[in-house]
Amino acid sequence: MAGARIETVGGSGARLVVRRGSWLVGRGPDADLRLPSDQVSLRHAWIRQDARGTWVADAGSRNGTWVNGRRLAPRQDHPLRHGDRLEFGPVAAVYSDGEGGAPQTRTWQRSSSGVSFGDVSAGTINNAGRDIHNSYDHRQHHNYEFTTPEGEALTSLATGKGAGRAVMVLGLLMILAGFGIWVSVIFRFIKAGSDSVSSGSFDAPPPLLGPEVFDGVPLGVVGFALFGLGGVVMLIGMVMAKAARERRRNGRR
């Protein structure tokens, strides 16, 4: 195992030469194998090598550590063999023990009908059917990021930092306040009509848009305007949060 190494595939080309001891994989500055992805935790996983072999253990990461399509339990050592495919969150890598030649690893492909795989080395073909089933079952519930506008807004609100997130929260509060005003105006109108019918007085119902406030502007119009303005403010905050996230990502490259 003198030439053991882990190399990422499909992008960054990061590489870790594995020797005796413990090696940290993550996004943080103290990582031995540094992976500049927001979906990789600061301290994502540990690689260890001793007289018995090479081992990988998830360090309690948010998006998990995977070996040949199977997610590892946190903080439990898993042995690595030549050609094993690792995934640290969305970042894929290949382990080579330096003695088995060029590794041929399992190639995962997502499709509407399930998961298929390409060439597999003899050392990693054991239990392939079980691995495929488990990988597909896990990944159905393990998406790393949203792609819809609503999902991007939720992602930015949950994971964003700085002014962009604060602006998004302000916009959300404005939306909720505007919606609350509208609901109160509608319920007030319905209640007044119901009371009039039940009492038999048939008095004139209150204005549909609610009482006038702010120099004659109906309260319902205020609620509608607040709701729409909150949507615009939230959109601006989402753009600010996304721009800040891109700047942080580019700064780590």
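The values are calculated or read from the model by the stated rules, or taken from the named source; none is laboratory data. Note that the structure is predicted; figures quoted are calculated from it, not measured. All Cβ positions, glycine included, derive from the backbone under ideal geometry; neighbour counts span all protein chains shown. In case anyone asks, the SASA skips ligands and DNA or RNA and just uses the protein heavy atoms, side chains included. Shrake-Rupley method; radii C 1.70, N 1.55, O 1.52, S 1.80 Å.
Here are some notes:
- Shape of the stretch 5-96 from the C-alpha gyration tensor: rounded (a/c under 1.5, with a ≥ b ≥ c the square roots of its eigenvalues).
- Amide hydrogen proximity for ALA59: with H placed 1.01 Å from N in the peptide plane, the residues at 5 or more positions away or on another chain lying under 5 Å are ALA45, TRP46, ARG75.
- Between ALA243 and ILE186, the contour length at 0.36 nm per residue exceeds the alpha carbon distance by 16.6 nm.
- The stretch 217-223 - phi-based ³J(HN,Hα) in whole Hz, Karplus 6.51/-1.76/1.60, Gly and Pro as x: 7, x, 4, x, 5, 4, x
- Average accessible surface area per residue within the stretch 5-96, 1.4 Å rolling probe, Å²: 44 Å²
- Estimated at the nearest 10 Å², the accessible area of TRP46 is 70 Å² with a 1.4 Å probe.
- Across the accessible surface of the stretch 5-96, with the other protein chains kept in place and a 1.4 Å probe, carbon and sulfur atoms take up 45 percent.
- Under 9 Å, Cβ to Cβ, from TRP55 - net charge with Lys/Arg +1 and Asp/Glu -1: 0
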